[in-house]
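*Asks:* Here you go, one structure.
The values are calculated or read from the model by the stated rules, or taken from the named source; none is laboratory data. Predicted, not measured: the structure shown is a model, and the values here were computed from it. Reconstructed Cβ throughout: ideal geometry from the backbone, glycine too, with neighbour counts over all protein chains shown.
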Amino acid sequence: MLSALRSRVRAARDLPLLRPLVARADLVWWARVIRRAGVVDLDYVSAQVGRPLSEAAAVRLYVRGGYRRGLRLSPLFVDTAVGDHLPEAWRVPALYAYLVADPRGLQVSPLWNAAVYGEAHPDAWESPGGPLGHAWRARHTHSLPFGPDATPSAAAWPRLAQAIVEATAHARRGGEVAAAPARIPLAREMIVALGPGEWDFDESLAEAVAFAAAPGQGVAIAVMDDRTEDWMLASLLSAGTPRVRVSRRRHDDASRAIDELVRTSLAEVVVVRGPNETLTAEGAERLAARVESAPARTHVGPVWRDGDGTLAAVGAVLGERFLAGHPIEDLAPFGDEVSLGVPALAGSTFATRRADIDAALVGADPASALTGSAVVALDVESRTRSMVTAPSLARPDVEADVDAEDLVRRAGWERVTHGPQPRLRRPRRSFLLADGSTVPVLRWALRTATPVGPRAEGWGDTHFARALAAALRRLGQEVVIDSYAARNRSTRHLDDVTVALRGPEPLDASPHGVSLLWIISHPDEIVAADTQGFDRVFAASAPWARTAGAEFGTRIDPLLQCTDATRFRPTGRERNGGILFVGTARGILRPSIVEPIRAGIPVDVIGPDWRGWIPASRIRATGIANQELPALYEAADVVLNDHWPAMQKRGFVGNRLFDVVAAGGRAISDRVEGIDDLFAGAVRTWGTVPELIGILSGDLDDAFPPPPRLEAIAARIRAEHSFDARARALLDAALEARRTRLGSVSDDTTRLAE
């Protein structure tokens, strides 16, 4: 009922005559919901705007656009903390989105764990405002909750209230605040530079809170941006946690702010986290432990990754950031090593004994100024959220026991005397295939449309590329995977073959080596120019390949999506009677899921953004590890599936159907040309909602072939439509293109055709 009402309201917003009326009604409704929750801190709001306000005026200012300009109503609620987890949280005020959602499992601030708080106070779930409102109303008797355990702060509410107002007023006026000298000796202190480009500042603060929660550990935070909220949160954390120190410094000199916090520390080991970088509390503890177990004057840094996912540095070698611009897969030659000795460190994230810092920390690579032994922890990563700045290595001519050339060889490279930097190449190698033929070992780059970091785990393209990479490696090939941001990385001249896995974003042919294009989704966005420059073009639809090829005047060969047959295969699980869907809401009303639920059919949904579309009771989880999918698919009575409209219209069959059937499962999908022939009854299709409801309301065992027939279908899918089969097709295409290019401009081309 609620989702249907919301659908009608959304539709009204698209009508020009009704849009202004709906917008005004939205403002009134948002304000009413927020005021009824009783979570507004008027002193905090007044300190932000510089004048006293009534609650009605404060809420009105917030809903009329103040939420977009950084105005906040509660020190316990950080809008960005819930923005990625609630539908429309970026269109509507995030506080409103939280108050009308089921609060279970939602985090609202980096300073306290609202989910844990709710578990400790069960009445909070049904309290006005959920755990947020419950905690706010309990502040006078229990103070504010803090930390991963959401336990009451050691400081009473009046002290915290004073800190909130003073910090907020200071941030509005501007001006720096020097670091307070440490008063508590610590075993470890994490020093965090909170940079101006740190849009995920709440994640950084959450990791700092987690680090400071451990006995003997503390945090020092330099706030280096003008956001009022950042300084308030850091000051509130410091007021409520004695092992936290803060400073407020200008944003153009991070190393100076870090150096100040290091010099005023009393910790035995300091873990420095540079500005706008990611470093988990667990990663910081691992770096500290590595230092504590090493001899004196040993400095440990993480693998440093750039904003596009490539390596920014693995230490410094011969005055350069080692392996800068290389994909992360280029660490594979080091195998299971967890510590790599290097001549010097690079960047601004590292751990060391405070007594071993004998020089000022300056520039973009302050870690390079440390003298002694340098070690990179290959099992710890930090990542710059944007793009790294130009290097400023303090010791370009460092002499060390580490042989720089040996590091290059151990990384699997040999130097060449010409070509773009870095002047490297892989030694010539060959591989004996199972059919007895020998092929050269080529370096493949799989280009994707995926983002960088944890968000990429929710993209199907991420897992598609990984499965294809694994299949190519089983053919003896070397494979790296590029995010969309790394599609033009500086080291692409090292790649022999590029496969553009075309999704929603354009990917050009590489100017180096062979380029293959595989169009796996969003065919409506493909034009003739998108296929130019590639040696071969493939598409995951036979009908579209025919029509588009004729229209573009380009040869396009069908190469359907597929499954990872090493993972998706039956294991003998019995069906559990459940109807399952795994995927996102896409911000739309997906009838294949919403309509059965409306009809009273119990569909279990696993996905991150379904709140507001379906009852919370039908959301089984907001996510699931990819490796758990085979068991779910096999055990479900049936798995629901649908396609993007453009894919459905043009005959692009999604890979979920291949996965479900290969695992021994059964699926119901919207109708796409080719499904019936491909899956021979293991996938039932529908064209109208009544058809879908009719299938789901009947005996599902009667709707599908008997078990022996399903087993045969599953075996055929695994044999004919596996990533291994697709990898062999791509390898053959690449070798054919190499033979065609034989004798062209580069020696690399010649040797790859051998």
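*Asks:* Kindly provide the set of residues from segment 370-390 that are part of a strand (DSSP E or B) and over 25 Å from the mean Cα position of the chain (by Cα), ordered by number.
*Replies:* Across segment 370-390, the qualifying residues are 373, 374, 375.
*Asks:* Looking at (1) crowded, with 24+ Cβ neighbours inside 10 Å; (2) at pLDDT 95 or above, which is the one condition that is false for residue 275?
*Replies:* For residue 275, the exception is condition (2).
*Asks:* Only one of these conditions is not met by residue 299: (1) in a strand (DSSP E or B); (2) within 22 Å of residue 485 (Cα to Cα); (3) not hydroxyl-bearing (Ser, Thr, Tyr). Which number is it?
*Replies:* The one condition residue 299 does not meet is (2).
*Asks:* Restricting to helices (runs of 4 or more DSSP H) lying wholly in segment 668-743: which have 3 or more residues that are modelled with pLDDT of 95 or more and buried (at least 22 other Cβ atoms within 10 Å of the Cβ)?
*Replies:* 707-720, 723-741
*Asks:* Then there is this: May I ask you to list the residues in segment 343-367 that are of a type in the set (Val, Ile, Thr) and surrounded by fewer than 24 Cβ atoms within 10 Å (Cβ to Cβ)?
*Replies:* Residues satisfying the conditions are 357, 362.
*Asks:* Let me ask something else. Does residue 393 meet the test of being farther than 30 Å from residue 484 by Cβ and crowded, with 21+ Cβ neighbours inside 10 Å? Before you say what the answer is, go through the steps one by one.
*Replies:* Values: farther than 30 Å from residue 484 by Cβ: no; crowded, with 21+ Cβ neighbours inside 10 Å: yes.
Here the answer is no, as residue 393 does not meet what is asked.
*Asks:* Touching a residue at least 60 places away in the same chain (Cβ under 8 Å) and assigned by TED's automatic domain parsing to the domain that holds residue 467, is that true of residue 408?
*Replies:* Details: touching a residue at least 60 places away in the same chain (Cβ under 8 Å): yes; assigned by TED's automatic domain parsing to the domain that holds residue 467: no.
In short, no.
*Asks:* All but one of (1) modelled with pLDDT under 95; (2) on the phi > 0 side of the Ramachandran plot hold for residue 104, so report the exception by its number.
*Replies:* (2)
*Asks:* Can you spot a residue in segment 244-261 that is closer than 25 Å to residue 183 by Cα, in contact with a Phe, Trp or Tyr (Cβ under 9 Å, 6 or more places away or on another chain) and surrounded by fewer than 24 Cβ atoms within 10 Å (Cβ to Cβ)?
*Replies:* no
*Asks:* Which residue out of 131, 148, 152 is touching a His at 6+ places or on another chain (Cβ under 6 Å) and more than 28 Å from residue 50 (Cα to Cα)?
*Replies:* The unique qualifying residue is 152.
*Asks:* Given the conditions (1) within 26 Å of residue 441 (Cα to Cα); (2) touching a residue at least 40 places away in the same chain (Cβ under 8 Å); (3) among the charged types (D, E, K, R), and given that residue 524 satisfies all but one, which numbered condition is not satisfied?
*Replies:* Of (1) within 26 Å of residue 441 (Cα to Cα); (2) touching a residue at least 40 places away in the same chain (Cβ under 8 Å); (3) among the charged types (D, E, K, R), only one is false for residue 524: (1).
*Asks:* Continuing with the same structure: Across segment 458-502, what is the total count of residues that are surrounded by fewer than 20 Cβ atoms within 10 Å (Cβ to Cβ) and without any contact (Cβ under 8 Å) to a residue 60 or more places away in the chain?
*Replies:* 6
*Asks:* Out of segment 636-649, which residues are aliphatic (A, V, I, L, M) and at pLDDT below 95?
*Replies:* Taking segment 636-649 as the starting set, the residues that turn out to be aliphatic (A, V, I, L, M) are 636, 638-640, 646-647.
Listed by number, the residues that qualify are 646, 647.
*Asks:* Please specify each residue of segment 200-243 satisfying the condition of being among the acidic types (Asp, Glu), part of a helix (DSSP H, G or I) and touching a Gly at 6+ places or on another chain (Cβ under 8 Å). Can you show your working first?
*Replies:* Filtering segment 200-243 for residues among the acidic types (Asp, Glu) gives 200, 202-203, 207, 225-226, 229-230.
Keeping just the survivors that are part of a helix (DSSP H, G or I) gives 202-203, 207, 229-230.
If the condition is that a residue be among the acidic types (Asp, Glu), part of a helix (DSSP H, G or I) and touching a Gly at 6+ places or on another chain (Cβ under 8 Å), then 229 is the only one that fits.
*Asks:* Of all residues in segment 145-183, count the ones that are touching a Phe, Trp or Tyr at 6+ places or on another chain (Cβ under 7 Å), at negative phi and either surrounded by fewer than 16 Cβ atoms within 10 Å (Cβ to Cβ) or part of a loop (DSSP other than H, G, I, E, B) (or both).
*Replies:* Of the residues in segment 145-183, 1 are touching a Phe, Trp or Tyr at 6+ places or on another chain (Cβ under 7 Å), at negative phi and either surrounded by fewer than 16 Cβ atoms within 10 Å (Cβ to Cβ) or part of a loop (DSSP other than H, G, I, E, B) (or both).
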